[in-house]
1. Look at N83 and say whether it is over 12 Å from the mean Cα position of the chain (by Cα), open to solvent by 40 Å² or more (accessible area, probe 1.4 Å) and at positive phi.
2. Restricting the search to region 49-76, which residues are assigned to a strand (DSSP E or B), of a type in the set (V, I, T) and buried (at least 19 other Cβ atoms within 10 Å of the Cβ)?
3. Pick from region 103-113 the residues that are assigned to a strand (DSSP E or B), in contact (Cβ under 8 Å) with a residue 24 or more places away in the chain and not β-branched (V, I, T): which of them is nearest to Q81 (Cα to Cα)?
4. Checking Q81 against (1) outside any strand (DSSP E or B); (2) in contact with a Lys or Arg (Cβ under 6 Å, 6 or more places away or on another chain): exactly one of these is not met. Which one?
5. Give me the pairs: first residue in region 73-97 and touching a residue at least 40 places away in the same chain (Cβ under 8 Å) and under 20 Å from A24 (Cα atoms), second residue polar (S, T, N, Q) and part of a helix (DSSP H, G or I), beta-carbon distance under 8 Å, and six or more apart or on different chains, which are they?
6. When region 3-38 is examined, which residues are found to be open to solvent by 20 Å² or more (accessible area, probe 1.4 Å) and more than 16 Å from A91 (Cα to Cα)?
7. Before we move on, is R45 basic (K, R) and open to solvent by 50 Å² or more (accessible area, probe 1.4 Å)?
Amino acid sequence: QVQLVESGGGLVQPGGSLRLSCAASGITFSMYTMGWYRQAPGSQRDLVATITTYGTTNYADSVKGRFTISRDNAKNTVYLQINSLKPEDAAVYYCNAKYIHLSYWGQGTQVTVSS
């Protein structure tokens, strides 16, 4: 079955950095557009960044210049490098794999920003 397993979340001070990883199995990873979304308590799940099979990236305006999405097709893994963390970045971060009408989600990893 399809599994997306996120890791790398944690507690970070404002201005700090994190690297999130999402390891995929059960899919032909290189064919999928991969994305990161986040959801804060009481809020909807919002797009953070996506990366296509060709490596084209797209970012939410709120994270441009601070977040970087990348993928390693040999490792079936997508990454999200988060720099210059702000309190408003605190959320559960979810990995998504999308191909035509197929869409899969991971279980999420918590990012907490606090001094």
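The values are calculated or read from the model by the stated rules, or taken from the named source; none is laboratory data. Computed from a prediction, not measured in an experiment: that's the story for all the values here. Counting neighbours? That spans all protein chains shown, and the Cβs are built from the backbone with ideal geometry, glycine included. The area values use the complete protein model at the heavy-atom level, side chains included, leaving out ligands, DNA and RNA. Shrake-Rupley method; radii C 1.70, N 1.55, O 1.52, S 1.80 Å.
1. Details: over 12 Å from the mean Cα position of the chain (by Cα): yes; open to solvent by 40 Å² or more (accessible area, probe 1.4 Å): yes; at positive phi: no.
Criteria not met by N83.
2. Narrowing region 49-76 to residues assigned to a strand (DSSP E or B): 49-51, 57-59, 67-72.
Still in the running and of a type in the set (V, I, T): 50-51, 57, 68-69.
Answer for region 49-76, where residues must be assigned to a strand (DSSP E or B), of a type in the set (V, I, T) and buried (at least 19 other Cβ atoms within 10 Å of the Cβ): T50, I51, I69.
3. Here is the first cut: in region 103-113, the ones assigned to a strand (DSSP E or B) are 103-105, 109-113.
Narrowing the set further to residues that are in contact (Cβ under 8 Å) with a residue 24 or more places away in the chain leaves 104-105, 109-113.
Going one step further and asking which of them are not β-branched (V, I, T), we end up with 104-105, 110.
Values: Y104: 21, W105: 19, Q110: 14 Å.
The extreme case among them is Q110.
4. Checking Q81 against (1) outside any strand (DSSP E or B); (2) in contact with a Lys or Arg (Cβ under 6 Å, 6 or more places away or on another chain), the one that fails is (1).
5. Listed pairs, sorted by first residue: N73/S30.
6. Within region 3-38, Q3, V5, A23, S25, G26, I27, T28, S30, M31, T33 qualify.
7. Details: basic (K, R): yes; open to solvent by 50 Å² or more (accessible area, probe 1.4 Å): yes.
Yes.
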